[in-house]
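No value in this document is a laboratory result; all are computed from the given coordinates. None of these values were measured; they are calculated from a predicted model. Cβ placement follows ideal geometry from the backbone for every residue including glycine, while neighbour counts extend to all protein chains displayed.
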Amino acid sequence: MNRRYPSLPEGLRIYVLSDIHGCADLLDRALQTIDSDLQRRAPQHLLQVFLGDYIDRGPDSRGTLDLLIGRARSPTAVFLKGNHEDVLLDFLQDPTRLHDWRQFGGLQH
């Protein structure tokens, strides 16, 4: 049986990051690795996909968001909302949902 493995079109490079959870230091390292790879390979087309869960649990949600906001200046970046962001937005609309957000690590930095 011959297996066909998925492949990308020639010249396309895709980077996908998820579940950062406030770990700005690790995100920064991952972004540096991506940037280094881009310098070496220089693809014709680029897509950077961030799959959500940027905040909560880790020590630096604000720093994480600052890094992502900086990355959002690139037209190749796509950001999806994760369940942690969804719960935060629910809490901001309805403060009685604080308990839900706390369960997700919402009171950490």
Review point. Just checking, which of Asp37, Asp56 is more than 22 Å from His21 (Cβ to Cβ) and of a type in the set (Asp, Glu)?
Key: Asp37
Revision key, fill the gap. The number of residues in region 43-59 that are in a loop (DSSP other than H, G, I, E, B), on the phi < 0 side of the Ramachandran plot, surrounded by 13 or more Cβ atoms within 10 Å (Cβ to Cβ) and touching a Leu at 6+ places or on another chain (Cβ under 9 Å) is 5
Review point. Could you list, in sequence order, the residues of region 1-29 that are surrounded by 17 or more Cβ atoms within 10 Å (Cβ to Cβ), assigned to a loop (DSSP other than H, G, I, E, B) and small (Gly, Ala, Ser)?
Key: Gly22
Practice item. Please verify whether region 89-102 includes one or more residues that are touching a residue at least 60 places away in the same chain (Cβ under 8 Å) and either surrounded by 12 or more Cβ atoms within 10 Å (Cβ to Cβ) or closer than 27 Å to Leu46 by Cβ (or both). Key: no
Review point. Out of curiosity, is Gly52 in contact with a Lys or Arg (Cβ under 6 Å, 6 or more places away or on another chain) and of a type in the set (Gly, Ala, Ser)?
Key: yes
Review point. Do you know which residues across region 77-87 are surrounded by fewer than 15 Cβ atoms within 10 Å (Cβ to Cβ) and not aliphatic (A, V, I, L, M)?
Key: Lys81, Asn83, Asp86
